[in-house]
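The values are calculated or read from the model by the stated rules, or taken from the named source; none is laboratory data. Note that the coordinates shown come from a computational prediction; the quantities given were computed from them, not determined experimentally. With ideal geometry, Cβ positions are generated from the backbone for all residues, glycine too; neighbour counts draw on all protein chains shown. To get the accessible areas, we keep the full protein, side chains included, count just its heavy atoms, and leave off ligands, DNA and RNA. Shrake-Rupley method; radii C 1.70, N 1.55, O 1.52, S 1.80 Å.
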Amino acid sequence: MDNSDDRRQETNAGDEIQRELSESDSASCTSISNPYYDGPSREDELTDAESAEIQVQTPDGQGTSRALYRPPIKNNEMVVVALDLGYLKTCIGFLRLIQLILTCITLMCLVVAGHQEGGLLNLPLDWHFRTMLFVLVLTLLTSLVFLVANLTSLIDALAVEWNLVDMVLYSVFAFLYLVGTSLVASAFDFYQKMNTGVSEQTIQQLIIVVIMGYICMVAYGLTAFVSYRQWRIQYRLYQRRKLLEEDEIDL
């Protein structure tokens with residue numbers, strides 16, 4: 001009995017080896033040269049978004065499923081948002097914070113001016129104040145967005161030369177403050193010379209707005225200057241690296 005069982009196991013093992021060899025040959029042969037060839041494998045017909053399974057019959061008659069193919073896992077780029085308070089200790093970060101505070105103070109001083117006359121926009125030459133309001137709101141929102149983006153590292157997600165952007169943008173803002181503040185100064189000077197009936201308190205409030213406006217202009221101009229210095233340093237480093245690479249190529 002033992003010898004018959006051993007012979008049966010050896011026969012089954014030999015049949016399994018022969019079956020495996022025939023299946024391997026069928027993958028590279030046609031139906032003419034290989035009778036075991038039954039067409040192309042189903043794995044080639046599957047797409048990346050599909051997953052197929054086949055039923056394998058076990059000796060006890062119960063079917064089990066075996067995965068033929070699984071779609072590859074794609075690595076997606078992720079943006080990590082992290083709060084970096086150390087940015088406020090840098091020169092640009094400190095200037096952005098100062099700009100935000102000064103702009104808020106200037107905006108509040110301008111809004112409360114002209115209360116005795118029924119509001120700022122009821123004063124003569126009100127379009128001067130509308131221009132200044134536009135400049136204040138624009139720079140306030142821009143400074144807030146840039147400050148939050150730098151504190152949360154979201155600004156690193158965009159491959160942009162931010163020093164060059166800051167240099168151009170804040171130079172424009174400094175010019176806008178020069179224009180807007182000069183318009184407010186010309187308005188209260190007109191009130192003093194023409195005796196338009198504007199109260200002295202309103203004129204004093206407008207003088208404070210003019211002082212704060214010029215301070216904001218200096219703050220935004222400093223940001224543009226610091227950004228220019230940083231951009232110039234990066235540009236020089238880029239030129240040196242380029243020259244070194246050209247020298248290595250020549251060698």
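Observations
- Interatomic Cα distance distribution for the stretch 156-238, bins of 10 angstrom, percent: 17, 33, 22, 15, 9, 3, 0
- Normalised per residue, the volume of the convex hull around the Cα set of the stretch 193-244 (Å³): 73 Å³
- Element breakdown for the stretch 111-251 at a 1.4 angstrom probe: carbon and sulfur atoms account for 66% of the accessible area.
- From phi via Karplus (6.51, -1.76, 1.60), per-residue ³J(HN,Hα) for the stretch 95-112 in Hz, x at Gly/Pro: 5, 5, 5, 5, 4, 4, 5, 5, 5, 5, 5, 5, 5, 5, 5, 6, 5, 7
- Length gained on full extension, Leu243 to Leu88, computed as 0.36 nm times the residue gap minus the Cα-Cα distance: 52.3 nm.
- Charge context of Ser143, other residues only, Cβ under 12 angstrom, K/R +1, D/E -1: 0
- Computed with a 1.4 Å probe over protein heavy atoms only, the accessible area of Asp84 comes to about 70 Å².
- When +1 charges are put on Lys and Arg Cβ atoms and -1 charges on Asp and Glu Cβ atoms, the dipole computed for the stretch 202-251 relative to its Cα centre reaches about 320 debye.
- Spacing of the two label points (7 Å from each Cα toward its C-beta) at Ile207 and Ile105, in nm: 1.8 nm
- The charge dipole of the stretch 87-169, taken about its Cα centre with unit charges on the Cβ atoms of Lys, Arg (+1), Asp and Glu (-1) only, comes to about 140 debye.
- Label reach from Leu164 (point 7 Å along Cα→C-beta): in the stretch 196-230, amide nitrogens under 19 Å belong to 224-230.
- Over all other residues within a Cβ to Cβ distance under 15 Å of Thr196, the charged ones net out to -3, with Lys and Arg as +1 and Asp and Glu as -1.
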